[in-house]
1. Out of all the residues in the range 273-296, is one or more at pLDDT 95 or above, of a type in the set (Gly, Ala, Ser), more than 30 Å from residue 212 (Cβ to Cβ) and surrounded by fewer than 21 Cβ atoms within 10 Å (Cβ to Cβ)?
2. From the list 107, 103, pick out the single residue that is surrounded by 23 or more Cβ atoms within 10 Å (Cβ to Cβ), in contact with a His (Cβ under 7 Å, 6 or more places away or on another chain) and closer than 28 Å to residue 2 by Cα.
3. Restricting attention to the range 29-45, which residues are part of a helix (DSSP H, G or I) and farther than 22 Å from residue 112 by Cβ?
4. Which is modelled with pLDDT of 95 or more, surrounded by 20 or more Cβ atoms within 10 Å (Cβ to Cβ) and more than 19 Å from the chain's Cα centre (by Cα), of 155, 135, 127?
5. With the structure loaded, tell me whether residue 52 is touching a residue at least 40 places away in the same chain (Cβ under 8 Å), part of a helix (DSSP H, G or I), surrounded by fewer than 22 Cβ atoms within 10 Å (Cβ to Cβ) and not polar (S, T, N, Q) or whether it fails that test.
6. Residue by residue through the range 236-252, note down the ones that are among the small types (Gly, Ala, Ser) and either under 18 Å from residue 61 (Cα atoms) or at pLDDT below 95 (or both).
7. Mind checking whether some residue in the range 12-27 is within 30 Å of residue 317 (Cβ to Cβ) and among the small types (Gly, Ala, Ser)?
8. Surrounded by fewer than 21 Cβ atoms within 10 Å (Cβ to Cβ) and among the hydroxyl-bearing types (Ser, Thr, Tyr), is that true of residue 261?
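The values are calculated or read from the model by the stated rules, or taken from the named source; none is laboratory data. What you see is a predicted model, and the numbers here were worked out from it, not measured in a lab. Cβ coordinates were reconstructed from backbone atoms using ideal geometry, including for glycine residues, and neighbour counts include every protein chain displayed.
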Amino acid sequence: MLDQRLDVMRALEPSVEAALTTLPPPDACWQPSDVLPSLQGEGWRDELDDLRGEAARLSDEMLVVLVGNVVTEEALPSYLATINRCGGMTDRTGVDAHPWARWARSWTAEEKRHGDAGRGYLLLSGRVDLPAVERTVQHLLRNGFDNRAGGDPYRGLAYASFQEHATKLAWIQLGRLAGACGAPRLHRLCGLIAADEARHERAYVSVLRDLVAADPSGALEALEETLCGVVVMPARTMTDGVDRNLFGHFADVGQRLGVYTYADYAENLRQLLDTLGLPTMGGLEGEAAARRDTLCLAAERHRAAAADPGARKARPVAFSWIGGRRV
């Protein structure tokens with residue numbers, strides 16, 4: 001089965017080449033220094049004061065979500081390692097010329113700016129306990145990340161397509177809150193990151209759509225295995241060395257604040273299945289048809305559960321990121 005999937009992945013390389021054209025060259029990209037105060041000119045103190053002034057307007061809940069988003073971005077080395085474990089995508093030398101290897105490196109180069117810019121904002125804001133944040137990043141990288149694809153390229157592609165949307169939405173909705181509370185610099189930063197994530201999502205979904213056309217049975221199997229349970233989040237192993245359920249507590253704050261909710265999760269699954277054309281896909285028989293139906297039922301089940309008014313309410317938790325204050 002793996003050999004067959006590797007053959008399909010090689011056949012999809014023209015689709016990956018097309019995805020590569022959606023990534024702008026470095027000279028055309030935004031950089032963290034574009035959205036952070038310049039400390040070189042004479043007006044550096046005014047710029048810094050402006051940033052600290054807007055950061056003072058962020059609530060503790062917003063700070064927790066911002067830190068959690070930035071920590072997630074800072075675990076980028078683990079995500080590149082995950083891509084390299086997928087058959088057919090592996091960059092064996094570190095400079096391989098095949099399209100999957102070039103995509104992985106180019107994607108990483110774009111994603112690297114997100115953590116740099118977010119951490120720079122946190123540093124200059126003066127609103128967070130930066131050593132606690134840094135320890136969290138180090139713990140997360142030490143703990144690692146398993147997307148449960150097991151090196152299967154089909155499942156890896158399904159996971160990336162779903163997760164890029166989730167990350168995009170988390171930054172969009174945090175950015176809206178930042179704009180509403182009078183933090184224009186953070187609003188812009190969130191928007192730039194979200195725009196990158198949106199391009200990455202479109203690229204992964206485009207290749208996934210071609211995979212569904214090339215191997216419907218195999219693609220549906222991978223989608224069912226990846227999406228019909230609870231999709232693991234990239235930073236689920238985060239801890240600050242004290243709170244072993246730090247990711248869960250961070251996610252609870254995001255849910256309450258409306259940055260990334262269970263309803264968003266359910267809608268993410270529904271829109272991905274719709275984009276792939278699964279609800280109306282014909283010509284399927286046996287296990288493939290059953291998997292298609294299972295996926296569509298899972299989407300409806302998540303939507304119904306998200307609308308349940310009896311969902312639990314999380315208790316306030318102390319976060320070391322904000323000096324131990326409870327949120």
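1. Within the range 273-296, none of the residues are at pLDDT 95 or above, of a type in the set (Gly, Ala, Ser), more than 30 Å from residue 212 (Cβ to Cβ) and surrounded by fewer than 21 Cβ atoms within 10 Å (Cβ to Cβ).
2. Values: 103 fails: in contact with a His (Cβ under 7 Å, 6 or more places away or on another chain).
Just one listed residue meets the conditions, 107.
3. Keep residues of the range 29-45 that are part of a helix (DSSP H, G or I), which gives 32-35, 44-45.
Residues satisfying the conditions are 44, 45.
4. Values: 155 fails: more than 19 Å from the chain's Cα centre (by Cα); 135 fails: surrounded by 20 or more Cβ atoms within 10 Å (Cβ to Cβ).
Among 155, 135, 127, only 127 is modelled with pLDDT of 95 or more, surrounded by 20 or more Cβ atoms within 10 Å (Cβ to Cβ) and more than 19 Å from the chain's Cα centre (by Cα).
5. Values: touching a residue at least 40 places away in the same chain (Cβ under 8 Å): yes; part of a helix (DSSP H, G or I): yes; surrounded by fewer than 22 Cβ atoms within 10 Å (Cβ to Cβ): yes; not polar (S, T, N, Q): yes.
Answer is yes for this residue.
6. Kept after step one, since they are among the small types (Gly, Ala, Ser), are these residues of the range 236-252: 241, 248, 251.
Of everything in the range 236-252, those that are among the small types (Gly, Ala, Ser) and either under 18 Å from residue 61 (Cα atoms) or at pLDDT below 95 (or both) turn out to be 248, 251.
7. No.
8. On the way: surrounded by fewer than 21 Cβ atoms within 10 Å (Cβ to Cβ): yes; among the hydroxyl-bearing types (Ser, Thr, Tyr): yes.
Criteria met by residue 261.
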